[in-house]
Amino acid sequence: MDLMRLARKDVQALTPYQSARRLGGCGDVWLNANESPFDNEYKVSGRGLNRYSTCQPDALIHAYASYAGVKNEQVLTSRGADESIELLIRTFCEPGEDKIMFCPPTYGMYAISAETTGVDRVIVPSTAEWQLDLETIRNRLDGVKLIFVCSPNNPTGNILKRSDIEALLEMTAGKAIVVVDEAYIDFCMEESVVGLLSRYPNLAILRTLSKAFALAGLRCGFTIANNQIIELMLKVIAPYPVPVPVTEIACQALSEQGLARMKCQLLDLNANRAYLQAGLGMLNGVTVYDGYGNYLLVRFPDAHGLFAKLWDNGIILRKSPIDGCIRISVGNREECEKTLAFIRQQLA
Ligand SMILES: *Cc1c(COP(=O)(O)O)cnc(C)c1O
């Protein structure tokens, strides 16, 4: 029997997210998944595992709420920010009826989570400067319940104008939720829109420990929003979404010491990003776009050829959907030096 034919049609047609892990490769410089180079150590008690975990552990919620400067009841924790994307869609969108909107080039999981939940997508490309095309958005809001925007945007690295996000929140008040994906905001905290929450009840913000906190393997993310949105999502989330060891480790990462270490490491990474940007920017025919996260989008004369050369030499970067561009995660200084030196030599 052909089991493929038993699957939902949407799933039959689906191309899964091309994660860096899925794409493979083999080498010693991995700058393709916006992971942190810092492998910090944590202690796990290994006890209490006979009992189910609390759905939303108080200590973890409290720790993240203090870090973000919001109230406990404005925070939900989930299996990475990715789970939050899916929860929002399942909470707000009637399959086959309501729609989500997003603005490419941007993060791929908004589209994939909508597809796997049977929710249609309205696609409004961003402007040439990778900002929101507010006029087109306004004209295409019919049936849209959720609008996903990303700042700093993955893969372009730019920040969205705060005034545009406010205009979007106003234009959608009472009709749709604006989800601002702040997966990389820790690298430029002053750009967060968390301060807009008190004025806009239709704002939801996504956060994660995967990037600046160097915990991609932990799978711990957060939604920050007004309490009504959080309460609705709590109706949809699985009963025991947060494994006990995840809470233990996340609380250490969010402790005073953990936060101090994270801030130190992100200063280091921001300096390495500046190093890469300056070094690549000097090369003939190369354009480095200003980036605010732990990655840079870079345009090369022959991106395809260069990507393959790097790959063959154990330097694994990320192909970008933007023609002629490669996305480079910011690694430790040695990784950045190796990468820059190799590229310089190739372009010479
Ligand atoms: C990495 C990333 C996420 C997912 O984060 P997880 O918490 O690891 O699921 C979400 N949004 C963007 C833009 C990202 O780059």
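In percent, how large is the relative contact order of the chain, given Cα pairs closer than 8 Å and 6 or more residues apart?
Answer for the chain is 23 percent.
With the crude spin-label approximation of a point 7 Å out along Cα→Cβ, what separation in nm comes out for C26 versus K309?
The two pseudo-label positions are separated by 2.3 nm.
Could you tell me the calculated FRET efficiency between N72 and N284, based on Cβ-Cβ distance and R0 = 56 angstrom, to the nearest 0.05?
Numbers: r = 53 Å, r/R0 = 0.95.
The calculated FRET efficiency here is 0.55.
Just the number, please: percent antiparallel of the DSSP beta bridges in the chain, rounded to the nearest 5.
Details: 18 of 37 bridges.
About 50 percent, rounded to the nearest 5.
Taking 41 Å as R0, compute the FRET efficiency from the Cβ-Cβ separation of E334 and L196 and round it to 0.05. Intermediate results must be reported in sequence, preceding the final value.
Details: r = 40 Å, r/R0 = 0.97.
The pair E334/L196 has a calculated efficiency of 0.55.
For the chain, build the charge dipole from Cβ charges (+1 Lys, Arg; -1 Asp, Glu) around the Cα centre, then report which of P241, G285, C251 sits farthest towards its positive end.
Of P241, G285, C251, it is P241.
Could you put K309, K211 in order, starting from the residue whose Cβ has the fewest other Cβ atoms within 10 Å? Mind dumping the intermediate values first?
Working: K309 15, K211 26.
Listed from fewest to most nearby Cβ atoms, that is K309, K211.
Contour minus end-to-end for L49 and N139, with contour as 0.36 nm per residue of separation and end-to-end as the Cα-Cα distance?
Numbers: separation 90, 0.36 × 90 = 32.40 nm, distance 5.17 nm.
Additional length available on full extension: 27.2 nm.
How many nm is it between the label spots at A238 and K263, if each spot is 7 Å from the Cα in line with the beta carbon?
Label at A238, label at K263, 3.5 nm between them.
Please list 3J(HN,Hα) in residue order for the stretch 181-188, calculated via the Karplus relation 6.51 cos²θ - 1.76 cosθ + 1.60 where θ = phi - 60°; whole Hz, with x for glycine and proline.
Result, rounded to whole Hz: 7, 10, 4, 10, 5, 4, 6, 7.
Calculate, in nm to one decimal, what Q345 and R121 gain on full extension: separation in residues at 0.36 nm each, minus their alpha carbon distance. Display every interim value, and only then the final one.
Numbers: separation 224, 0.36 × 224 = 80.64 nm, distance 4.32 nm.
Residue separation times 0.36 nm, minus the Cα-Cα distance, leaves 76.3 nm.
Quick check: residue separation of K9 and A59 times 0.36 nm, minus the Cα distance between them. What number comes out in nm?
Working: separation 50, 0.36 × 50 = 18.00 nm, distance 4.21 nm.
Length difference between fully extended and current span is 13.8 nm.
Where a number appears in this text, it was derived from the coordinates with a stated rule and is not lab data. Predicted model, so just to flag it, every value in this text is computed and none were measured. Note that we place each Cβ from the backbone using ideal geometry, even for glycine, and neighbour counts take in every protein chain shown.
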